[in-house]
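Notes follow the structure.
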Amino acid sequence: MSAPHSDPLAHPEVQQGNALRYISGFITTLLLMFAALMLTIRQHLPYVSYAEAVTGLAVLSLVTQATLFFGLDISRAHIWKSLSLLLTIPLFIISVGLTVWMFQSLATRTMLMPAGMLQQPTLLQ
Amino acid sequence: MKIISALTWLLVLGLASCASGDYRLFHPVNLVAGVEWWSTLFEVGIMSLIIVPVALLIVWCLWRYRKGAGAAYDPEFTHSLVLEILVWGVPLIIVAICGFVSIRTIHAVDPYSPGVLAKAEAAAAPIDIDVVTTDWQWLFIYPAQHVASIDEMVVPQGRVVHLRLTSTSVTNDFYIPQIAPMIDIMPGMRTEDAFDAAKLGVFTGFSADFSGAGFSWMQFATRIVPPADFSSWVARAAASPNALSYGAFTKLAQPTVNEGAKISYFSAPDPQLFDKVVMAADSGVVYPVSNELTRSVANLEIGPAKPTGAATK
Amino acid sequence: MQVAIEGPWSPLFGRLTLDAIPYDNPIIIGTFAFAALAGLAVAVPVLYYNKLGYLWREWLTSVDHKKIGVMYIILGLVMLFRGFADGMLIRTQQAIAVGPTSPGVLGAQHGFLPPFHYDQVYSAHGTIMILFAATPILTGLTNVVVPLQIGARDMAFPYMNALSLWLTTAGAILVMLSLFIGDFSAAGWVGLIPLTELPYSPGVGVDYWMWAIQISSIGTTLNAINMIVTIISMRAPGMGWFRLPVFTWTTLSTNIIGLTAFPVLGAALALLGADRYFGAHFFTAGNGGNLMLYTNLFWIWGHPEVYFLVLPAFGIFSEIIPTFSEKPLFGYTTMVAATFAIAGISWTVWLHHFFTMAAGPDINGFFSLATMLVGIPTGVKVFNWAFTLYRGRLTFSVPMLWSLAGLFLLLLGGITGMMLAIPSVNYTVHDSVFVIAHFHCMVLLIGAAIFAAVAYWWPKVFGFVLDERNGLRFFWSFILATAVVFLAMFALGFEGETRRLDYIYDPAWRPMLLTEETGMGIYCLSIFFFVRMIYVSLRDRIPVPADPWATSRTLEFLTASPVPFYNFAVTPQVNARDELAWRRAHGLERAQPQAFEVIHMPSNTGIPFIIGMLSLGFGFGMIWRIWWLAGFSLLGIILAVIIRSFDKNLGYELQPEEVAAMEHNLATAGMFAEQPARIQLTEAEAH
Amino acid sequence: MATQTPPSEGVVLFHPHFAGHDQISARTLGFWLYMLSDALIFAALFAAYGVLNNPMGAAGGPIATQVADPVEGFWQTCAVLGSVATYSLGTVALKSGNKGGVMFSIVLAILLAFIFLGFEAHDLLDLLAKGDGPTRSGFLSAFFVLVATHGLHMLFGIIWMLVMLVQIPLFGFNANVVARLLNLRMFWQFQATIWVILYVYVYMIGAF
């Protein structure tokens, strides 16, 4: 907590900002999203391979954002941010992935009507 | 010495008070519960291979290395690879064994299709019963026998029973300690359960999942009877004057506390009653419990809340 | 989009009406009288000795991690008493209301608590014990001890430390308020779904429960951030990662769990709030809602939460057992590895709380295996403690006895836990009293660790010894009571008794219930001994040297007792893992720094307390749907945060002469000493 | 108590004038950890969306394809990524202490953010007008809360930027202001990342 005698602007995290990285990060992410949009609009892929392709593009854009926008690397200034991110991503995947996997089985096991005929119940008088 | 005397006195008190009371879970009465009880015993046996020696080791260390006992004192003994391997390895082996047993027994007693009953199910066609839990009562519908009963489930001996369960309002748990594997009963959904009626007798079933103010009065009797008595029971139920249409059911499903689980019968229940209850819950029909009701349920002057069929959209 | 709610609503008072105050209920009136008396017993001396200013300057606006820690522990102890009183009511009600012929008084058909009141009591018991007793006490302990153990002067973010304290206090006040205004949730501490939905809990009870947990869990998340950054960036020079005390390691992994698990709880409760306030259909049975989603999201937080509580207990054992065996902890690296293995795996096991929710055999199988895997590191820890005892010189002081009792509770809890990990066993005992006995073994292990830690670090923090005689009596009566109540509860579990029963319909359970009731009597005796222990210690105040246990091993015992508010006059250089033991081995534990230096300290600030009380107003406003109160309180919080950002908060500096004077006369720097007004540094002085 | 005992043979027991801890990197690490906990709030919301995004969850109401249009989502993605790039370039100006550059980039970032929020508000409001609000079905509740939570995060970022527009001329680039500008950059990039995940899983894969 002692006052930083050095000039705050000389701090490595301030000096880390660099225009080229941000612009290239911006453009790459946009291109990846545009590619995903094209896949979505043309709809020529079956659902499963489409989903995998778009997820691949999404992961690519997340990696570009992490490296170019956030500028994460394993240098002394960023080691704790990168490490904590690497430890949190599995938790993100576990909580979403396991839940969705679980609820697919729960849905089929607890749904009364087969998924197809789900019109408004007309049996009630 | 004070510690030892206290511990022994404690043990005596514990064992003495264990003697009273009937331990339902210790006496499984059918195949399904038998598997469950076996896996409990197996688990306790395997785990005590670790727990008991460690407890004895600790007690021995406490006695042996107490200050002033002059036992060997070695402050450098802080690491040994052999012990580390042992400490991680043995529990891993135990967990591997328990894991294998766990996976096997899950398939054996899976409420939806217990593996252990596969043979029995092939032998005789299972009896289908639809269970609908309302706010604090159990409704059992026998679609094949065209009868329904409240707070009593009668099953012929030697047959496999297959249940479809749903609730009108909140989540309950179908729990008959010595017989059926437990399964949640949720509104708007159909869960299944299955057990084999092996031994004659009357067994009390409870709801294990808390379901509101009248939860403590929500138990039902399960009677496993010889097949002849079962058909006479079905005849007696079919003779009951009140039929059970969906409209009658909505009145019956209003929050009421069935003090002492009084049994009542219905003849000719609506054949699609179960499906209608599920779809009604899906479309938002609720049986609200008013604030006053929860306060007054204590002294049981239950005026059914205004029968609101429609949900608060 | 105001959803239809039962009962009157006025723009001025929202749902608040006169009959929200249960003046007709003698139990609550009695509690109110007791609470009023206790309040007066504190307020009168404070006003009489004109200490209000002192309280505001030294405690309510303090950012000193030790004072915040002590305030956390006091809050935790008060809520522990409240939680225990709920426990007494539950056990007494169940002991009376057995069988149809049992007497019924106070409007109850059987026993003295009608279902509505009884359901609130056990819901409050669970919520309070876990979120408002155990969490604050453990947070308080880590707040006091960790900065001392790593040789730091304070936490990384002192202001945020005070903020998390006052947010947790606001949540606790809301829970206590629910006693006297309106009612508390009657749907269990887990918020059983769809019982917490509006049609089945029309009252404000569930809102009280939801907002109390939301506000206090924001405080806990902020504290987790604070603790992680403190441990990472504020260790003394020379303290590499493998020279870190084990209690600090467990605190680090605990707060990593806290940081990652509490947000999911916040989201689950927010979605439930959307259902109850705006008529959304997340968890409603109908209109496309999926009630199982709530159970899933709640327990994604639920299980990591119980490891969030048990890991500091393991850390406390790993500190106390080596100290009283006069031996370093056995297998330091495996203990640290086991701590992080527990933290990691605890994130993948949550489904064992609802094996019976119709998930398929393959999913139950996966989670059953994961649950068993998390038992291994716990087993490793027990082995390592046993090997620490081996060939040590054991002294059975009060902290050591508590830790050993904790070990045996862990063994019992462990074996029953592994039983519950197998679905086929779980199908017979799920939601039964067996499960309650299991997790009470684990929770009382945490209780034993808390009492061990209080006894262990009390002399260090307050500078006088905690009475040993009454401490022993408290220990023995507490352990005896635990054995009686929960062994009987295991037996009842095998008799098939389900949990949360207000009326017991099977008279065969009466003997066991009466055994549990006697156990509760012994608990009351232990509480009497606890209070007497505190009273005797405060009365005698026998001073204690810097290292009261003479064999303690870590850095916090290097400081004087009581610890001066700046902790270390000069930051120590760490040369070995158990620094104090290393210095004692080289005869250097008495060494003092040659010269003192300028110490820069953060200045006190009243804003955290104000934000705490504003969040209390916001919570109360949202509960009773007094929209103007909630709106203005929220606005007040946002403004307070922005105003705080305009404050330079550069702290103040202690000149070396002042430090030297304080080092010689420690009474002036201790916990209760009153510091002269400190003038904030100006911009120029700061550089 | 304070007897002076000389330490033996070169053993260092105390570290006078310990440089203390770099305030700015401690604050940025702390804020980064906060953002990880925020990411897990979104994990819970994505799990809720994943579970409720099926015909059962839609309860007869509109399903994902009728509610989320990927093309309009793409323009929103351009707006939010543009806003992030602008603000990040602003922090490049910060390196040389150029107040004007930083403040101009903040204003531009706020404008682009308002464009994004404009699209979003327009979508959500006309859904509400059609009666397909969060009270219509479980799926719509999940969709509204997920998108609105991200919108609230952006609003929070905009308020933070406005406060910085006041603090930069008032205090200049002292340690507090620099730390806040760095945290704001991380926060702004973080909510853009969350939007990318949201755009992919709600507007594209969810609405396929």
If each DSSP helix of 4+ residues adds -39,500 (n - 2.57) and the sum is divided by the residues in chain D, what number results at 222 nm, nearest 500 deg cm²/dmol?
-25500 deg cm²/dmol
Here region C:357-371 yields Karplus 3J(HN,Hα) values (6.51, -1.76, 1.60; θ = phi - 60°; whole Hz; Gly and Pro given as x) of 8, 6, 6, x, x, 5, 5, 4, x, 4, 6, 5, 5, 4, 4
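Which FRET efficiency value, to the nearest 0.05, is calculated for C:Ser10 and C:Tyr54 with the Förster distance at 51 angstrom and r the Cβ-Cβ distance? Write down the numbers at each step before the final one.
Values: r = 42 Å, r/R0 = 0.82.
According to the calculation, E is roughly 0.75.
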Please list, in chain and number order, the residues 5+ apart from B:Asp173 or on another chain whose amide H is under 5 Å from its amide H, with Hs placed from the backbone.
B:Ile185, B:Ala208, B:Asp209
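What whole-number volume per residue, in cubic angstrom, does the convex hull of the C-alpha atoms of region D:54-155 give? Intermediate values should be presented prior to the final figure.
Working: hull volume 9.1 nm³, N = 102.
Per-residue hull volume (Cα only) is 89 Å³.
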Hz values of 3J(HN,Hα) by residue in region B:99-109 - Karplus curve (6.51, -1.76, 1.60), Gly and Pro given as x
x, 4, 4, 4, 4, 4, 6, 4, 5, 5, 10
Hey, what did region A:12-106 get for relative contact order, percent, Cα under 8 Å, at least 6 apart?
28
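For region C:460-530, report the % of Cα-Cα distances exceeding 18 Å.
Across region C:460-530, Cα pairs with separations above 18 Å total 51 percent.
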Enumerate the amide H contacts of C:Ile626 below 5 Å, restricted to partners 5 or more residues apart or on another chain; note that Pro and chain-start residues carry no placed amide H.
C:Arg15
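Tally the DSSP beta bridges in the protein assembly as shown and give the antiparallel ones as a percent, rounded to 5. Kindly include the intermediate steps, with their values, before the conclusion.
Working: 38 of 56 bridges.
Counting DSSP beta bridges with both partners in the protein assembly as shown, the antiparallel share is about 70 percent.
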Measuring from centroid to centroid over Cα atoms, what is the spacing of region B:198-239 and region A:23-80 in Å?
59
Inter-probe distance in nm under a simple model that places probes 7 Å from Cα toward Cβ, at D:Phe171 and A:Arg76:
2.6
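State, as an integer percentage, the relative contact order of chain D based on alpha-carbon contacts under 8 Å between residues 6 or more apart.
Values: 179 pairs, mean separation 67.1, N = 208.
Worked out over chain D, it gives 32 percent.
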Distance in nm between label sites at D:Val12 and B:Ser232, each 7 Å beyond Cα in the beta-carbon direction?
9.6
For n ≥ 4 DSSP H runs only, could you compute -39500 (n - 2.57) per run for chain B, divide by its residues and tell me the 222 nm figure to the nearest 500?
-12500 deg cm²/dmol
Check: C-alpha center region C:95-150 vs C-alpha center region B:46-94, spacing in Å is 37
Those residues of region C:50-85 whose amide nitrogen sits under 11 Å from the label point placed on C:Glu674, 7 Å along Cα→Cβ:
C:50-58
Run the Debye formula on the Cα coordinates of region B:101-202, all scatterers equal and no solvent, and tell me log10 I(q)/I(0) at q = 0.18 1/Å.
-0.88
Does a label point 7 Å from the Cα of B:Ala248, set along Cα-to-beta-carbon, have any residues of region B:126-148 with amide nitrogen under 12 Å, and which are they?
B:147-148
Compute the distance from the alpha-carbon center of region C:426-505 to that of region C:620-665, in whole Å.
38
Shape call for the protein assembly as shown from the C-alpha gyration tensor, a ≥ b ≥ c root eigenvalues: rounded (a/c under 1.5), prolate (a/b greater than b/c) or oblate?
oblate
Amide H neighbours of C:Val204 at under 5 Å, excluding residues fewer than 5 places away on the same chain, with H built from the backbone geometry, are C:Asp183
Using the Karplus curve 6.51 cos²θ - 1.76 cosθ + 1.60 with θ = phi - 60°, what ³J(HN,Hα) values do you get for each residue of region C:127-140, in whole Hz, with x for Gly and Pro?
4, 5, 4, 7, 8, 10, 10, 5, 4, x, 5, 5, 4, x
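Rounded, prolate or oblate: which fits region A:12-106, taking a ≥ b ≥ c as square roots of the Cα gyration tensor eigenvalues, rounded meaning a/c under 1.5, else prolate when a/b beats b/c?
Working: a/c = 4.54, a/b = 1.37, b/c = 3.31.
Oblate, since a/c reaches 1.5 and b/c is not below a/b.
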Per the C-alpha gyration tensor (a ≥ b ≥ c, the square roots of its eigenvalues), region C:143-208 is rounded if a/c is under 1.5, else prolate if a/b beats b/c, else oblate; here it's prolate
Please list the equivalent ellipsoid semi-axes of chain C, computed as the square roots of five times the alpha-carbon gyration tensor eigenvalues, in descending order and whole angstrom.
40, 31, 25
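Estimate the FRET efficiency between C:Val105 and A:Leu20 by the formula 1/(1 + (r/R0)^6), using the beta-carbon distance for r and 56 Å for R0, to the nearest 0.05.
Details: r = 80 Å, r/R0 = 1.42.
The pair C:Val105/A:Leu20 has a calculated efficiency of 0.10.
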Relative contact order computed over chain C (Cα-Cα under 8 Å; 6+ residues apart), in percent
17
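Calculate, for C:Val42 and C:Ile21, the FRET efficiency according to 1/(1 + (r/R0)^6) with r their C-beta to C-beta distance and R0 22 Å; round to the nearest 0.05.
Working: r = 23 Å, r/R0 = 1.06.
With R0 = 22 Å, the Cβ-Cβ based efficiency is 0.40.
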C:Ile181 versus C:Thr333: modelled label distance in nm, points set 7 Å from Cα along the beta carbon direction:
5.8
Quick one: which of C:Lys327/C:Lys460; C:Lys67/C:Lys327; B:Lys119/B:Lys262; B:Lys67/C:Lys460; C:Lys648/D:Lys95; B:Lys67/C:Lys381 span more than 29 angstrom between C-alpha atoms?
C:Lys67/C:Lys327; B:Lys119/B:Lys262
Cα-based reach from D:Lys130 at 18 Å (exclusive), listing lysines while leaving out same-chain residues under 8 positions away
B:Lys313
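None of the figures in this text is laboratory data; all of them are computed from the coordinates on show. Everything numeric in this text was worked out from a predicted model, so none of it was measured. Please note: Cβ atoms are built from the backbone with ideal geometry, for glycine as well, and neighbour counts cover all protein chains shown.
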